[in-house]
Structure formats: C-alpha cells, structure tokens
Amino acid sequence: MPGTKLPVRNSVNRRTFIGGSDARVIMGEDEAALVRLWREKRGEAEPQDLSDNLLVQLGVVTEPLNRLWYERNTGQQVTDVQRRIRHPVNRWMGATLDGMVAGSGTVFEAKFMLPWSFSEQAAAEKHMAQVQHNMWVTNAKRAALSIITGGGKWVEITLSADPLYQHLLLTAEKKFWRCVENGDPRACSGSTRRARGWRRCGSST
C-alpha cells in the first residue's frame with residue numbers, strides 16, 4: 001500500500017553497545033556518519049529510519065533465502081539466527097547474528113549486493129569491519145560471508161579472524177565508546193581517524 005512503512009529489525013536497544021554495523025561506521029571514512037552514530041549512542045538523535053531504503057530492505061527480505069541457499073549449497077546448517085550476544089569482557093561490544101554455522105563455530109553473514117559493482121575483494125573489504133567485530137564478540141576463528149547479488153548470483157566468501165585488524169578495530173571502538181561516555185565528539189573523530197590510519201598502514205605491509 002502507498003505510504004506503508006516496511007519493517008526494519010531494530011527491536012534491541014542499540015544505544016547500549018557497539019554492534020557489527022556500528023563497527024563499519026567507526027572504521028569507515030564518513031565523518032558525518034561517525035558523529036551521527038555518536039549522537040545516537042548518546043541518546044541525542046534517533047536511529048536512522050531505513051524502512052524506505054530499498055537496498056537495506058532487499059537485504060532484509062532476502063536473508064531467509066540467502067540462508068536457505070547457503071545450507072542447500074554447502075550442506076551446513078545455520079543456527080542461532082538473530083541471536084543477540086555480548087562480549088564476555090567488553091560488555092559494550094555486542095552483535096545480533098545472522099547465524100552460526102552448526103558444529104564449526106563459524107559466523108554466518110548474509111548480504112545482498114548490487115551486481116554491476118560486485119567483486120569478491122570489494123565485498124570482503126566492505127564488510128570486513130562487521131565480520132571481524134562479530135568474530136571477536138563470538139570468539140570465532142572464521143566467518144562465512146554468503147552473498148546474493150541482484151544479478152541472480154550466489155557467492156560464498158570465507159574470511160579468517162585477522163588479529164592485527166581486530167586489534168586496530170578494538171582500539172578504535174574503545175576510543176569511540178570512551179567518547180560516547182565523556183560526551184566529546186571531536187576526540188571521537190580524531191581518535192578513530194588515527195586508528196583507521198593505523199589500519200591502512202597495517203594492511204599495506
């Protein structure tokens with residue numbers, strides 16, 4: 001129906017922790033998005049309404065099909081769908097999982113991507129922060145990135161936990177959360193920018 005809002009999963013109070021999608025913002029290059037995330041965590045702004053974002057909605061509605069296609073093509077079962085988990089030590093770190101691959105301890109991530117700009121390398125880089133964050137929270141050593149493209153193609157990418165990347169990610173997230181607690185967005189932007197710089201230096205060696 002015209003004017004009807006599509007549902008967006010947001011039942012958990014994301015103000016109380018840094019999740020995988022937040023990690024992507026923290027390790028990204030969009031300073032405005034970083035400040036907006038800081039304001040959301042501070043309770044000074046409402047989370048973005050993504051119900052009218054077609055790409056986001058395509059990801060939501062294709063996730064069950066993505067999971068089914070992964071299970072059919074790999075013979076593996078995905079469990080713990082939409083399970084919410086917190087890191088046992090860093091309680092400000094959390095994740096809402098697309099799932100876990102049964103019996104392997106592998107994090108399952110379901111994604112939808114457009115076909116004309118798709119490559120496996122670009123996909124891995126785009127989702128690296130979220131995947132490494134979720135592996136850290138769950139203490140997983142591997143992740144299965146299951147991707148459906150708008151061109152009718154399904155791709156599985158296996159990613160391993162990267163200790164260097166996770167160290168830089170954890171550094172940036174700690175500094176961001178400290179900025180949320182002390183209320184200074186300028187320090188937040190500078191600290192995470194330095195961590196992103198370290199990340200680039202580390203990835204080039």
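Observations
- Residue in the stretch 59-67 that is charged (D, E, K, R), over 15 Å from the mean Cα position of the chain (by Cα) and surrounded by fewer than 14 Cβ atoms within 10 Å (Cβ to Cβ) present: no
- Condition check for VAL155 on (1) in contact with a helix residue (DSSP H, G or I) (Cβ under 9 Å, 6 or more places away or on another chain); (2) closer than 19 Å to GLY28 by Cα: one failure, at (2).
- Qualifying positions in the stretch 148-160 - buried (at least 17 other Cβ atoms within 10 Å of the Cβ) and not polar (S, T, N, Q): ILE148, ILE157, LEU159
- Here GLY75, GLY43 are screened, and the one residue that is within 14 Å of GLU156 (Cα to Cα) and out of contact with any strand residue (DSSP E or B) (no Cβ under 6 Å at 6 or more places or on another chain) is GLY75.
- The conditions of being assigned to a helix (DSSP H, G or I) and either of a type in the set (Val, Ile, Thr) or at pLDDT below 95 (or both) are not met by VAL12.
- The set of residues from the stretch 84-124 being closer than 28 Å to LEU54 by Cα, surrounded by 14 or more Cβ atoms within 10 Å (Cβ to Cβ) and of a type in the set (S, T, N, Q) comprises just one member, THR96.
- Within the stretch 124-168, restricting attention to residues that are more than 14 Å from the chain's Cα centre (by Cα) and charged (D, E, K, R), the residue that is farthest from VAL60 (Cα to Cα) is ASP162.
- Set side by side, the residues ALA172, ALA95, ALA123, ALA143 differ, and just one is among the hydrophobic types (A, V, I, L, M, F, W, C) and over 23 Å from TYR70 (Cβ atoms), which is ALA172.
- Qualifying residue in the stretch 52-60 (condition: assigned to a loop (DSSP other than H, G, I, E, B) and farther than 15 Å from CYS188 by Cβ): yes
The values are calculated or read from the model by the stated rules, or taken from the named source; none is laboratory data. Since the model is a prediction, treat every value here as computed from it, not as a measurement. Every residue, glycine as well, gets a Cβ built from its backbone with ideal geometry; the counts of neighbours run over all protein chains shown.
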